[in-house]
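Heads up, the thing below is written out as structure tokens.
The values are calculated or read from the model by the stated rules, or taken from the named source; none is laboratory data. Values in this document were obtained by computation on a predicted structure and should not be read as measured data. Heads up, the Cβs are rebuilt from the backbone with ideal geometry, glycines too, and the neighbour counts pull from every protein chain shown. We work out accessible area using only protein heavy atoms, side chains counted, and drop any ligands, DNA or RNA first. Shrake-Rupley method; radii C 1.70, N 1.55, O 1.52, S 1.80 Å.
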Amino acid sequence: GAGVSQSPSNKVTEKGKDVELRCDPISGHTALYWYRQSLGQGLEFLIYFQGNSAPDKSGLPSDRFSAERTGGSVSTLTIQRTQQEDSAVYLCASSLTPFSNQPQHFGDGTRLSIL
Amino acid sequence: DAKTTQPPSMDCAEGRAANLPCNHSTISGNEYVYWYRQIHSQGPQYIIHGLKNNETNEMASLIITEDRKSSTLILPHATLRDTAVYYCIVRNTGTASKLTFGTGTRLQVTL
């Protein structure tokens, strides 16, 4: 399929470990977004990329969270020294352009569980 | 971005039209209305969006009132697979903008 692909689909790790989450956007999409959804809560914006640059990082909850995008395509979200409150579904979305007349298309997320 | 108000839940019989309302009374002229849905354990799925005119695609129709203060998403022939949480979102035009999801409407399609 040509949709947004995220890996791994599930990740269980111990508190204090670092994790990397990967997002492959739809081919040709220049804008890429990361969100997270905690149990029983709504989607929370984390960061947005246009190409390899991140003009909006306002949603990253702490300096333990970082993200990068290379080649204008794949993005990785890294969480260092994970805490139990980091447990959530991390969702990636991409759109053809960053402008709001273009819909964002989501992957099925990575379910992260911190023990 | 303008806030939206949706009923927390609705039921619809299979085969009937599902009409999901959304109030966005503070919408400004440069904000789009977007609809997404989320089926359990999946990422949100884009359905449709519009600015002023009514829109239709293979999934649904979007009816926006003339004053743009409310809209209705119509699923013409609901099936059990349409059971999901439906989100109405308004989004500013022209600038790169995140989606701000509210609590949505949980639509239950029944036999």
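Tell me, which residue of the range A:50-82 that is among the hydroxyl-bearing types (S, T, Y) and within 14 Å of another protein chain (Cβ to nearest Cβ) is farthest from A:K11 (Cα to Cα)?
Of the range A:50-82, the ones among the hydroxyl-bearing types (S, T, Y) are A:53, A:58, A:62, A:66, A:70, A:73, A:75-76, A:78, A:82.
Filter again for within 14 Å of another protein chain (Cβ to nearest Cβ), leaving A:53, A:58.
Numbers: A:S53: 27, A:S58: 25 Å.
So the residue we want is A:S53.
Taking residues in the range A:51-66 that are more than 20 Å from A:T30 (Cβ to Cβ), and partners anywhere that are open to solvent by 60 Å² or more (accessible area, probe 1.4 Å) and part of a loop (DSSP other than H, G, I, E, B), the pairs with Cβ atoms closer than 6 Å and at least 6 places apart or on different chains are A:R64/A:Q80; A:R64/A:R81.
All told, B:T26 falls short of being part of a loop (DSSP other than H, G, I, E, B), within 23 Å of A:G42 (Cβ to Cβ), in contact with a Gly (Cβ under 7 Å, 6 or more places away or on another chain) and open to solvent by 40 Å² or more (accessible area, probe 1.4 Å).
Which members of the range A:74-115 meet the condition of being part of a loop (DSSP other than H, G, I, E, B) and farther than 20 Å from B:G50 by Cα?
Passing the criteria: A:V74, A:Q80, A:R81, A:T82, A:Q83, A:S87, A:G107, A:D108, A:G109, A:L115.
Out of the range A:64-73, which residues are open to solvent by 70 Å² or more (accessible area, probe 1.4 Å) and either outside any strand (DSSP E or B) or touching a Leu at 6+ places or on another chain (Cβ under 7 Å) (or both)? Can you show your working first?
If we filter the range A:64-73 for residues that are open to solvent by 70 Å² or more (accessible area, probe 1.4 Å), which is where we start, we get A:68, A:70-71.
Correct list: A:T70, A:G71.
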